[in-house]
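The values are calculated or read from the model by the stated rules, or taken from the named source; none is laboratory data. Quick caveat, the model's predicted, so the values are computed rather than measured. Counting neighbours? That spans all protein chains shown, and the Cβs are built from the backbone with ideal geometry, glycine included. Ligands, DNA and RNA are excluded from the accessible area calculation, which covers all protein heavy atoms including side chains. Shrake-Rupley method; radii C 1.70, N 1.55, O 1.52, S 1.80 Å.
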Amino acid sequence: MPSEEVLNPEIIKQEEEYLRKVHPTPEDIPGCMKLFDDFLLCNVISSQARSLYRYGEMATCAPKLEEFKFCMSLKGMHPEEKRDVWIRRRAEWWARRRADKSSEDVWDVRTEPLENFPPRRLDPNVQTPRTIE
């Protein structure tokens with residue numbers, strides 16, 4: 001996480017409100033074992049192969065390890081305090097995701113429909129060749 005990055009406080013607040021509704025009690029936040037399992041699952045051959053197939057590169061599991069280490073650093077806290085710190089960190093993560101570029105950014109919104117779309121139906125009585133030459 002770059003330290004010079006400035007996140008919109010309003011977006012962080014929105015994310016925190018949502019996360020507090022989704023995770024109303026300290027028992028609702030993921031435990032360290034779940035985060036460690038996620039890290040281990042990231043490193044298995046099937047996950048790495050899937051990432052290689054989909055994205056052309058091996059999966060980066062460092063963020064999952066950082067989440068596990070962060071969870072371990074919260075072990076001595078009171079459960080409510082731990083929940084608040086976790087929600088704040090997660091809200092910042094979501095705010096960063098919302099501010100960054102998305103795969104949806106590559107699409108332009110059309111102002112007019114495509115020409116001849118959907119294609120006109122061909123007359124079923126007219127014979128057309130079924131092979132490409």
Given the conditions (1) open to solvent by less than 70 Å² (accessible area, probe 1.4 Å); (2) under 17 Å from the mean Cα position of the chain (by Cα); (3) not polar (S, T, N, Q), and given that K64 satisfies all but one, which numbered condition is not satisfied? (1)
Pairs, please: C-beta under 7 Å, at least 6 apart or cross-chain, first residue farther than 14 Å from P79 by Cβ and in segment 18-34, second open to solvent by less than 70 Å² (accessible area, probe 1.4 Å)? L19/I87; L19/R90; L19/A91; R20/I87
For M58, which of the numbered conditions (1) surrounded by fewer than 12 Cβ atoms within 10 Å (Cβ to Cβ); (2) outside any helix (DSSP H, G or I); (3) aliphatic (A, V, I, L, M) fails to hold? (1)
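Yes/no per residue for (1) modelled with pLDDT of 95 or more; (2) assigned to a helix (DSSP H, G or I):
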| residue | (1), (2) |
| --- | --- |
| E27 | no, yes |
| F39 | yes, yes |
| E66 | yes, yes |
| F70 | yes, yes |
| V85 | yes, yes |
| A95 | no, yes |
| P124 | no, no |
| R130 | no, no |
| E133 | no, no |
By residue number, the members of segment 84-104 that are open to solvent by 90 Å² or more (accessible area, probe 1.4 Å) and more than 21 Å from T25 (Cβ to Cβ) are R97, R98, K101, S103, E104
In segment 72-83, which residues are within 24 Å of L41 (Cβ to Cβ), assigned to a loop (DSSP other than H, G, I, E, B) and open to solvent by 80 Å² or more (accessible area, probe 1.4 Å)? K75
For segment 35-49, which residues satisfy the criterion of being surrounded by 15 or more Cβ atoms within 10 Å (Cβ to Cβ) and touching a residue at least 12 places away in the same chain (Cβ under 8 Å)? L35, F36, D38, F39, C42, S47
